[in-house]
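Let me begin by presenting the structure, written as structure tokens, before commenting on it.
The values are calculated or read from the model by the stated rules, or taken from the named source; none is laboratory data. Bear in mind that the values here come from a model prediction, so they are computed numbers and not experimental data. Cβ sites come from the backbone with ideal geometry, for glycine too, and all protein chains shown count toward neighbours. The area values use the complete protein model at the heavy-atom level, side chains included, leaving out ligands, DNA and RNA. Shrake-Rupley method; radii C 1.70, N 1.55, O 1.52, S 1.80 Å.
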Amino acid sequence: MNFVGSHILSVSQFDRQAIRTVFEVADRMLPYANRQRITRVLEGAILGNMFFEPSTRTRVSFGCAWNLLGGEVRETTEIKASAIAKGESFYDTARVLSGYSDMIVMRHQLEGSVDEFAVASRVPVINGGDGANEHPSQALLDLYTIRKEMKDRGKNIDGLRIALVGDLRYGRAVHSLCKLLTLYENMHFILISPPELSLSAEYVDDIKRAGHKVLESDELQTGIGHADILYVTRTQEERFPNQAEADKYKGLFRLNQSIYTEYCEPNTVIMHPLPRDSRGNANELDNDLNENPNLAIFRQTDNGVLIRMALFALILDVVDKVEETSSKVNWYTARRF
Ligand code: NCD
């Protein structure tokens with residue numbers, strides 16, 4: 001895969017070698033994300049960060065990743081704050097904004113919207129989530145986290161047993177992660193969801209065609225006992241026709257410390273793309289797990305900065321110049337990694 005100048009729209013663009021490249025560059029970003037060194041490699045460069053759906057960590061970590069490489073960020077949030085609300089097409093918006101930016105990250109509720117935007121853009125575009133379709137940078141940071149967590153436990157990605165729990169139908173993070181995991185060997189997918197929110201056949205068929213094992217269940221306890229990773233997800237309520245319909249599926253699977261202790265193997269890693277829905281009727285991942293050392297959710301969010309810095313550096317062809325333009329930081333810094 002040639003990263004330089006390219007859009008990142010789908011994880012289908014990646015093979016194992018390309019993933020290895022992203023992870024190697026992400027590892028090299030550690031001193032910068034950890035505030036031991038600063039780099040000015042993207043000094044003068046502008047990121048157009050366009051988030052037309054709610055976002056905290058994806059939006060802010062893309063922005064911070066760009067800032068940590070020395071660049072400036074221009075943000076557009078909400079459709080009503082942009083000319084799309086006046087009827088402007090993606091084509092026109094992309095032509096205009098790509099004149100102002102060196103790279104664009106975009107999130108939008110419509111599947112395929114970011115692809116359409118990228119066709120008209122004159123600068124590289126990264127998909128920050130297009131409806132229920134894909135979320136490539138999330139899947140890369142999830143896989144990077146999985147690799148690290150497994151390494152700490154003396155295992156690797158090949159042979160992994162992963163239980164994906166919750167809304168597998170609308171969860172774009174799940175979709176992209178499943179596609180990436182399919183590239184590895186001898187995987188066990190345990191798909192735990194209500195039947196109405198199961199992973200759609202196109203993904204399941206691809207997984208099976210690649211020779212991996214799939215177990216589908218609508219009971220939390222059934223599958224989690226044999227998993228290395230539990231990947232819990234939120235009911236994607238914004239994708240349902242109405243709130244009452246979404247509410248039917250909230251709270252069906254709740255992972256907490258007592259269920260973990262009773263059913264999981266010791267050291268099973270707990271992940272979630274976040275946000276977890278901590279409201280009483282949902283609460284799919286209980287706060288009583290917060291001190292559990294196997295809870296990797298905040299390691300995922302920290303790793304997101306490394307992965308996003310790596311994508312920027314690869315696409316803009318500055319990987320080998322990051323260090324050249326670097327110096328030590330002058331302020332007191334807390335360690336993140
Ligand atoms: C996910 C998303 O937006 O798809 N969040 C994120 O970017 N980390 C998952 C979700 O919203 O449930």
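Phi angles of region 291-306 translate, via the Karplus equation with coefficients 6.51, -1.76, 1.60 and θ = phi - 60°, into HN-Hα couplings of 8, 6, x, 8, 6, 9, 4, 8, 6, 4, 5, 5, 4, x, 5, 4 Hz per residue; Gly and Pro are given as x.
Amide H contacts of Leu255 (H built 1.01 Å from N, in plane; Pro and chain starts excluded): Leu285, Asp286 sit under 5 Å, all sequence-distant by 5 or more or on other chains.
Measuring r between the beta carbons of Tyr100 and Arg37 and using R0 = 22 Å, the FRET efficiency lands at 0.15. The protection proxy used here, the mean number of other Cβ atoms lying within 10 Å of each residue, ranks peptides 112-124, 324-336, 291-303 as follows, highest first: 112-124, 291-303, 324-336.
For the chain, the percent of C-alpha pairs falling in each 20 Å distance bin, counted from 0 to the bin holding the largest distance, reads 31, 58, 11. For helix 136-152, what angle does its Cα long axis make with the longest principal axis of the chain, in degrees from 0 to 90 and rounded to 10? Its long axis makes an angle of about 60 degrees. Just the protein heavy atoms count here, and of the accessible area of region 136-298 at 1.4 Å, carbon and sulfur take up 47 percent. Computed over protein heavy atoms with a 1.4 Å probe, the accessible surface of region 136-298 works out to 42 Å² per residue. Note that region 228-237 has calculated 3J(HN,Hα) couplings of 7, 10, 9, 10, 8, 10, 8, 5, 7, 4 Hz, one per residue in order, obtained from phi through the Karplus relation 6.51 cos²θ - 1.76 cosθ + 1.60 (θ = phi - 60°); glycine and proline are x.
What residues have an amide H closer than 5 Å to that of Glu216, excluding those fewer than 5 places away on the same chain, when H is modeled at 1.01 Å from N in the peptide plane? Hits under the 5 Å cutoff: Leu191. Kirkwood radius for region 54-99, taken over all pairs of different Cα atoms as the inverse mean of 1/r, rounds to 12.1 Å. Averaging the sequence gap over all C-alpha pairs within less than 8 Å and six or more residues apart, then dividing by the number of residues, gives the chain a relative contact order of 22 percent. Under the criterion of Cα pairs below 8 Å and six or more residues apart, the relative contact order for region 136-298 equals 22 percent.
How far is helix 172-181 tilted, in degrees, relative to the longest principal axis of the Cα atoms in the chain, given as a value from 0 to 90 rounded to the nearest 10? With rounding to tens, the tilt is 80 degrees.
Each residue of region 31-40 is assigned a 3J(HN,Hα), and the resulting list reads x, 7, 5, 8, 6, 8, 9, 10, 10, 10 Hz, derived from the Karplus form 6.51 cos²θ - 1.76 cosθ + 1.60 (θ = phi - 60°), x at Gly and Pro. Using 0.36 nm per residue and subtracting the Cα-Cα separation, the extra length available between Glu111 and Glu78 on full extension is 10.2 nm. Placing pseudo-labels 7 Å out from each Cα toward the beta carbon at Arg122 and Glu216 gives an inter-label distance of 4.8 nm.
Calculated mean residue ellipticity, 222 nm, the chain: -10000 deg cm²/dmol, from DSSP H runs (n ≥ 4) at -39500 (n - 2.57) each, averaged per residue and rounded to 500. For Arg239 and Arg335, a Förster radius of 45 Å and the Cβ-Cβ distance give a FRET efficiency of 0.75, rounded to the nearest 0.05.
Between Leu110 and Gly131, the built amide H atoms are under 5 Å apart, and every one of these is 5 or more places off in sequence or on another chain. Against the empirical 2.2 N^0.38 Å (N residues), region 136-298 has a Cα radius of gyration ratio of 0.96. With both residues required to sit in the chain, DSSP beta bridges show an antiparallel share near 10%. The gain in end-to-end length when the Ile259 to Leu30 segment is fully stretched comes to 79.0 nm, 0.36 nm per residue minus the alpha carbon separation.
Length available on full extension from Tyr91 to Ser6: 0.36 nm per residue minus the Cα-Cα distance, which gives 28.8 nm.
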